[in-house]
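K.L.:
Sharing a structure with you now.
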Amino acid sequence: MTGGQRVVFGWREWVALPELGVATIKAKLDTGARTSSLHAFRIKRFRRDGLPMVRFEIHPVQRSAVAPITVEAPVSEERTVRDSGGHEQVRPVIVTEVEIDGRRWPIELTLTRRDAMGFRMLLGRQALRGRAVVDPGRSFVAGRKGGPRGRKTGKEKGRETGRGKGRRDAHGRGANAHPSGEEE
């Protein structure tokens, strides 16, 4: 992307991490978070040829029985990160490319367990700075998982506003909603 050209994305988007073998993962574009983070488990730090490395597993789709993806990557640094609850944790940081709507750029990702969180990935403001603007009133501007960019059927529009068919709870969430309010 050239300087000054910013694209508008919604507060949540389907993204890819091609260098990690992740074709699609739902991410929250969170301008309140400085650093991007990825849900990872079985995180093992080790050294290869004297360089710090990390091996970890990823489940890109929440509540999926599909086998996890195992990844090895160089550690660029160890960073102390404060989570939304104010707790500090030292996390490994890796550098990889993110892809949204055909646009690719390098980002830093911290690795941590995000089991209780509504998204497997947060894309923080450092990753977005100078490249994208987030419209908090829109979702999946770059397109639905595997779908065309920005097109939504009436059913999908209804699902976003809580007016679609199917049972909903008192908060307008569908039967398959996660306690965080996110639907798969």
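The values are calculated or read from the model by the stated rules, or taken from the named source; none is laboratory data. All values derive from a computational prediction rather than experimental measurement. Backbone-built Cβ (ideal geometry, glycine too); neighbour counts: all protein chains shown.
K.L.:
Considering each residue of segment 30-87, count those that are aliphatic (A, V, I, L, M), more than 21 Å from Leu123 (Cβ to Cβ) and touching a Lys or Arg at 6+ places or on another chain (Cβ under 9 Å), and give that number.
P.N.:
1
K.L.:
May I ask you to list the residues in segment 1-38 that are of a type in the set (Asp, Glu) and modelled with pLDDT under 95?
P.N.:
Matches in segment 1-38: Asp30 only.
K.L.:
Just to be sure I understand, how many residues within segment 2-49 are of a type in the set (Asp, Glu), surrounded by 13 or more Cβ atoms within 10 Å (Cβ to Cβ) and over 25 Å from Gly137 (Cα atoms)?
P.N.:
So the count comes out to 1.
K.L.:
Right, here's the next one. How many residues are in contact with a Ser or Thr (Cβ under 8 Å, 6 or more places away or on another chain) and touching a residue at least 12 places away in the same chain (Cβ under 8 Å) if we restrict to segment 99-115?
P.N.:
7
K.L.:
Could you grab me the full set of residues in segment 85-100 that are surrounded by fewer than 17 Cβ atoms within 10 Å (Cβ to Cβ) and in contact with a strand residue (DSSP E or B) (Cβ under 8 Å, 6 or more places away or on another chain)?
P.N.:
Those that are surrounded by fewer than 17 Cβ atoms within 10 Å (Cβ to Cβ) and in contact with a strand residue (DSSP E or B) (Cβ under 8 Å, 6 or more places away or on another chain): Glu88, Gln89, Val90, Val95, Glu97.
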